[in-house]
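Just below is one structure, and these are the notes that go with it.
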Amino acid sequence: MGSVLCLETSSKVCSVAVGNDGLILSCLESEITNAHSSQLSELIEKALHEAGLKLKELDAIAVSMGPGSYTGLRIGVATAKGFCYSLDKPLIAIPTLKSLAFGIHSCADTETAFLCPMLDARRMEVYTAVYDSNLNEIRPVSAEIITTDSFMALLDTGTMIFGGEGALKCKPLLGHHKHSVFLDDFRLSARFLYPLAFEKFRLGQFEDLAYFEPYYLKDFVAGKPRVKGLK
């Protein structure tokens, strides 16, 4: 027991993973921009095929719950809830930044380091939080405008590892500190969801399908359409 389909749609990368009994069986990703709605179903089908499983054989569906892309989160959660309703399977929700922190933990020497996952918001703003090496949240999730003074209190006490698409734009401001470490080629992936989702499955920690919504953190702000002829 423990076959879980994991959906990660909260960033530019659309990612699907399938795991069983604590092991990841398949993981597929698409970097096509703004194509989550068209890519997700195909990725799910291929990932299940690679894992040798059918939808009805799954024990649960897991989804990255946010914060992140408003549209991406809506697509991921709607898809996950649709499968849960149609298959009568439980829904597992994983905080996106905790998943990213787990990925940082698995990719770097983090025995005593602070983990700082960052998701791109807009301009110099990121969605971020800080975790210790045991994935305990020591600084809550927030939308933060990064400056040269950000995280100084923690950086002065020890190593902090930054990872995620939001970290790249912050590196010029924070990379000078002797305790800052940046994972330049690191990004979100559904493969980081599964270990956390499997633990929740084992403990029976499921969401209420009727009331669960993504964690947007900030209200959606639509861009203003450009009027033809005006600059």
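The values are calculated or read from the model by the stated rules, or taken from the named source; none is laboratory data. Just so it is clear, the structure is predicted and the values come from calculations on it, not from any experiment. Here the Cβ positions follow ideal geometry from the backbone for every residue, glycine too, while neighbour counts run over all protein chains shown.
When you check Asp219 against the structure, is it modelled with pLDDT under 95, over 23 Å from Val63 (Cα atoms) and surrounded by fewer than 16 Cβ atoms within 10 Å (Cβ to Cβ), yes or no?
no
Could you check segment 118-167 and list, in sequence order, the residues that are out of contact with any helix residue (DSSP H, G or I) (no Cβ under 6 Å at 6 or more places or on another chain) and of a type in the set (D, E, K, R)?
Arg122, Arg123, Glu125, Asp132, Glu137, Arg139, Glu144, Asp149, Asp156, Glu165, listed by residue number.
So which residues in segment 169-192 are within 18 Å of Glu31 (Cβ to Cβ), among the aliphatic types (A, V, I, L, M) and either surrounded by fewer than 20 Cβ atoms within 10 Å (Cβ to Cβ) or modelled with pLDDT of 95 or more (or both)?
Matches in segment 169-192: Leu183, Ala190.
Can you list the helices (runs of 4 or more DSSP H) found entirely within segment 108-223 that contain at least 2 residues being farther than 30 Å from Leu5 by Cβ?
Where helices (runs of 4 or more DSSP H) fall fully within segment 108-223 and carry at least 2 residues being farther than 30 Å from Leu5 by Cβ, they are 152-155, 165-174.
Out of contact with any helix residue (DSSP H, G or I) (no Cβ under 9 Å at 6 or more places or on another chain), among the polar types (S, T, N, Q) and assigned to a helix (DSSP H, G or I) - does that describe any residue in segment 72-84?
Scanning segment 72-84, I find no residue that is out of contact with any helix residue (DSSP H, G or I) (no Cβ under 9 Å at 6 or more places or on another chain), among the polar types (S, T, N, Q) and assigned to a helix (DSSP H, G or I), so the answer is no.
Specify which of the listed residues (Leu53, Leu7, Leu28) is outside any helix (DSSP H, G or I) and either over 18 Å from the mean Cα position of the chain (by Cα) or of a type in the set (D, E, K, R) (or both). Steps first, answer last, please.
Numbers: Leu7 fails: either over 18 Å from the mean Cα position of the chain (by Cα) or of a type in the set (D, E, K, R) (or both); Leu28 fails: either over 18 Å from the mean Cα position of the chain (by Cα) or of a type in the set (D, E, K, R) (or both).
None of the others qualify; the one that does is Leu53.
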